[in-house]
Amino acid sequence: MQFTLDRLGMIYPSGKQALKNINMTLEAPNLIGLLGPNGAGKSTLMGLLTAGLKPSEGSISMNGSPLLSQEKELKAKLGYLPQTFGLFDELTVWQFLDYMSALKGISASKEAIRQAIADTGLEDKQKSRIRTLSGGQRQRVGIAQALLGEPELLILDEPTVGLDPQERIRFRNLFSRIAQNRIVLLSTHIIEDVQSVCNRLIVIKDGMLLFNGSPEELILLA
Ligand code: ADP
Ligand code: ADP
């Protein structure tokens, strides 16, 4: 699995240039932290990688071919947790994941759901209604739906927002656990969330790529 971003740029219809001349390659396996202040362009980059947005400049290729000609293949390989993600409060965790796996057209859904629940440590919550869960547990349900069907590319947009410091630490273990054999791209504006678990950091600001390298290299720069 490899993505190449070539002179990628995004200008919204409002005229706002959210990304400018982004060049990079993403390869599996990799746990990549996407860092940048609010408004830097993180969600825009994730929207382009999930083909939910179309670039206004440059291109993205997946395994050597244009991403936009492979939208169906991408859907099958992609797990995505958007920044604002609605959970169905009255469903139980299992019912919700069952619903999401039907939406994604996953066969052998029982096994996929069991695996996603195990990966996120939600075994004892699978029969609980989502409205009864804590903030951290709800975030884990969001991550669990992204994990359904063992995606090769996992994109998590600010998955630790609203969590207390102790929950954030637990989430770091979760990310390390789910990062094997795939690309995980994790956005945050808090460097502590990613510097210890990620093997690669990408920093963007004002739509521009400021840094792309290992956490150790970033520390040397600081
Ligand atoms: P981040 O995820 O890093 O907070 P975003 O990608 O959401 O940043 O936004 C980057 C910039 O693009 C911001 O200035 C934001 O206001 C602007 N922006 C985001 N979405 C839109 C949109 N749909 N239309 C116009 N401007 C947008
Ligand atoms: P509570 O809100 O009842 O304290 P928690 O969500 O904090 O529930 O924890 C419930 C169980 O899930 C605990 O056994 C805890 O160790 C485990 N747990 C919490 N966070 C994670 C995580 N990110 N990944 C895996 N297991 C977790």
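Nothing in this text is a laboratory measurement; each read-out follows from the coordinates by a stated rule. Just so we're clear, the structure is a prediction, and the values are computed from it rather than from any experiment. Here the Cβ is made from the backbone with ideal geometry for all residues, glycine too, and neighbour counts use every protein chain on show.
When the charge dipole of the chain is built from unit charges on Cβ atoms (+1 for Lys and Arg, -1 for Asp and Glu) and taken about the Cα centre, the candidate among Ile191, Ile106, Leu19 whose Cα reaches farthest toward its positive end is Ile106.
With K and R counted +1 and D and E -1, the other residues having a Cβ less than 13 Å from that of Asp157 yield a net charge of -1.
Net charge in the neighbourhood of Val194 (other residues with Cβ under 11 Å of its Cβ; Lys, Arg +1, Asp, Glu -1) is +1. Placing +1 on the Cβ of every Lys and Arg and -1 on the Cβ of every Asp and Glu, with nothing else charged, gives the chain a dipole about its Cα centre of roughly 320 debye. Phe171 sits among other residues whose Cβ lies under 13 Å from its own Cβ, and their net charge, with Lys and Arg +1 and Asp and Glu -1, is 0. In degrees, nearest 10, range 0 to 90: what is the angle between the Cα axis of helix 165-178 and the longest Cα principal axis of the chain? Computed tilt is about 80 degrees.
Candidate cross-link partners of Lys125 among the aspartates and glutamates, defined by an alpha-carbon separation under 16 Å and a same-chain spacing of 8 or more, comprise Asp89, Glu90, Asp98. Here the range 10-82 is treated with +1 on each Lys and Arg Cβ and -1 on each Asp and Glu Cβ, and its dipole about the Cα centre works out to around 180 debye. This model, with +1 at the C-beta of Lys and Arg and -1 at the C-beta of Asp and Glu, gives the range 95-222 a dipole about its Cα centre of some 520 debye.
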